[in-house]
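A short write-up of the structure that comes next.
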Amino acid sequence: MNLTPEQLAQFERDGYLFFPSLFSRTEMKVLTDEVPALYAQRRPENVRERTGDVVRTNFAAHMYSEPFARLARHPRMVEPVRQIFAEDVYMHQFKINGKMAFDGDVWQWHQDYGTWRNDDQMPEARAMNIAIFLDEVNEFNGPLMFIPGSHKLGVLQAEHDTSTTSYPLWTISHETIRKLVERGGIVAPKGPAGSMILFHGCLVHASTSNLSPWNRVSVYLSLCAVSNHIRRFKRPGYIAHRDFAPIQCLPDDCLLKRYDVPLPWKDGTPAEELQGILRAA
Ligand code: SIN
Ligand code: MN
């Protein structure tokens with residue numbers, strides 16, 4: 001899938017692109033059918049909400065789940081990013097965020113590149129997220145909110161928030177958010193399961209809690225230009241990957257047909273990937 005000149009100009013201006021219903025319901029079912037078994041596993045890749053046993057985010061499923069290993073190589077997700085960077089990309093992070101009915105907690109305002117730079121020493125903002133909705137996203141189940149154009153401001157001052165949710169994040173002050181919103185407003189792309197969002201590593205984003213009875217499961221691939229790989233392995237390898245090999249895409253029908261994919265962590269996460277290593281990459 002190639003982005004048009006108009007889409008590239010829109011991405012440059014707004015910092016994101018939205019593709020409603022890019023994947024079919026049949027393609028999404030292959031993935032959603034797999035999520036309960038993944039979330040039920042007792043492994044460190046499942047980070048749970050503060051309130052109990054509900055999964056907030058699952059990391060690195062593409063290393064041990066066959067359908068997600070195929071998604072991680074899907075040309076509709078990988079090629080637009082490769083086109084923007086004009087370079088091969090590798091998987092910096094892979095996560096399935098639950099935002100489960102009634103329990104899904106907030107994600108405070110942040111930029112992903114703030115974390116990638118502060119924690120992982122990623123040299124430049126040549127990495128971005130490409131998200132896919134496994135469930136419908138509506139105004140009630142905690143849609144992702146963006147401040148359009150905020151990616152142009154580079155890395156903003158952030159504080160390490162280790163208390164408001166169960167997952168540590170470099171977050172931006174409410175005073176800064178107020179100013180950014182005065183200038184750019186807020187948008188929240190909503191749509192059916194199978195919709196995709198591509199967004200810049202510096203785009204400021206957040207989401208509220210999910211008080212609705214509907215899950216809002218979404219998958220995020222964080223793809224980084226190979227030359228821009230992280231220089232520090234402070235975080236566990238299952239959160240910030242250390243394999244910088246370029247992603248080799250599968251054919252476009254890879255969610256509907258079986259293709260051989262490696263599942264190196266199927267029988268457990270290697271010990272060296274479970275913790276940080278304080279040394280240069
Ligand atoms: C994120 O910013 O990484 C996740 C936000 C969300 O899933 O709402
Ligand atoms: Mn984020």
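What does the accessible area per residue of the stretch 5-273 come to in Å², with a 1.4 Å probe and no ligands, DNA or RNA counted?
Computed with neighbouring chains in place, this is 41 Å² per residue.
Label points 7 Å out from Cα along the Cβ direction at residue 187 and residue 124: separation in nm?
2.5
For a quick check: with amide H placed at 1.01 Å from N, whose amide H comes under 5 Å from residue 106's, ignoring anything fewer than 5 positions away on the same chain?
HN-HN under 5 Å from residue 106: 209.
Would you mind counting up the charge near residue 150? Only other residues with Cβ under 15 Å from its Cβ, with Lys and Arg at +1 and Asp and Glu at -1.
Here the count lands on 0.
Placing +1 at every Lys and Arg Cβ and -1 at every Asp and Glu Cβ, with all other atoms neutral, what dipole size does the chain have around its Cα centre, in debye to the nearest 20?
280
Comparing 231, 42, 82, which has the greatest mean-square fluctuation in the GNM of the chain with Cα pairs linked when under 10 Å apart?
42
Quick one: 3J(HN,Hα) in Hz for the stretch 21-38, Karplus 6.51/-1.76/1.60 with θ = phi - 60°, rounded, Gly and Pro as x.
6, 6, 10, 7, 5, 5, 5, 5, 4, 4, 7, 5, 4, 8, 5, x, 5, 5
Go ahead and run the numbers for FRET between residue 32 and residue 140, Cβ-Cβ distance against an R0 of 22 Å, rounding to 0.05.
0.70
Can you list residues from other chains, or at least 5 along the same chain, whose modelled amide H is less than 5 Å from the amide H of residue 244?
Close amide H contacts, sequence-distant or interchain: none at all.
7 Å from Cα along Cα→Cβ at both residue 243 and residue 227: what's the point-to-point distance in nm?
Output for this residue pair reads 2.5 nm.
Report ³J(HN,Hα) in whole Hz for each residue of the stretch 157-167, in order, from the Karplus equation J = 6.51 cos²θ - 1.76 cosθ + 1.60 where θ = phi - 60°; Gly and Pro get x.
So the J values, rounded to whole Hz, are 4, 9, 10, 7, 9, 10, 10, 6, 10, 7, 10.
Residues with amide H under 5 Å of residue 46's amide H, sequence separation 5 or more or different chain, H placed in the peptide plane at 1.01 Å from N; which?
Correct list: 59.
For the chain, taking Cα atoms only, what is the radius of gyration to one decimal and the Dmax to the nearest whole Å?
17.5, 50
Given a Förster distance of 30 Å, report the FRET efficiency between residue 13 and residue 159 from their Cβ-Cβ distance, rounded to the nearest 0.05.
0.55
Of all accessible surface on the chain at a 1.4 Å probe, what whole percent is carbon and sulfur?
53
Lys/Arg Cβ at +1, Asp/Glu Cβ at -1, dipole of the chain taken about the Cα centre: which of 239, 59, 157 is farthest positive-ward?
157
Are any of the pairs 29/190; 190/257; 152/190; 29/99; 152/234; 99/190 more than 21 Å apart by Cα-Cα distance, and if so, which?
The pairs that break the limit, which is 21 Å between Cα atoms, are 190/257; 152/190; 152/234.
With springs only between Cα atoms under 10 Å apart, run a GNM on the chain and tell me which of 161, 105, 135 wobbles the most.
161
Taking the Cα centre of the stretch 77-158 as origin and charging only Cβ (+1 Lys, Arg; -1 Asp, Glu), how large is the dipole, in debye to the nearest 20?
240
Out of 173, 207, 150, any idea which swings most in a Gaussian network model of the chain, alpha carbons joined below 10 Å?
Checking each option, the largest mean-square fluctuation is seen for 173.
List, in order, the whole-Hz ³J(HN,Hα) value for each residue of the stretch 106-112 obtained from phi through the Karplus relation with A = 6.51, B = -1.76, C = 1.60 and θ = phi - 60°; use x for Gly and Pro.
5, 10, 5, 4, 7, 10, 5
Rank by packing, highest mean first: peptides 8-16, 194-202, with packing defined as the count of other Cβ atoms within 10 Å averaged across residues.
Taking the mean over residues of other Cβ atoms within 10 Å, the ranking is 194-202, 8-16.
The values are calculated or read from the model by the stated rules, or taken from the named source; none is laboratory data. Since the model is a prediction, treat every value here as computed from it, not as a measurement. Neighbour counts run over all protein chains shown; Cβ positions are idealised from the backbone, glycine included. Just the protein is used for accessible areas: all its heavy atoms, side chains included, with ligands, DNA and RNA removed. Shrake-Rupley method; radii C 1.70, N 1.55, O 1.52, S 1.80 Å.
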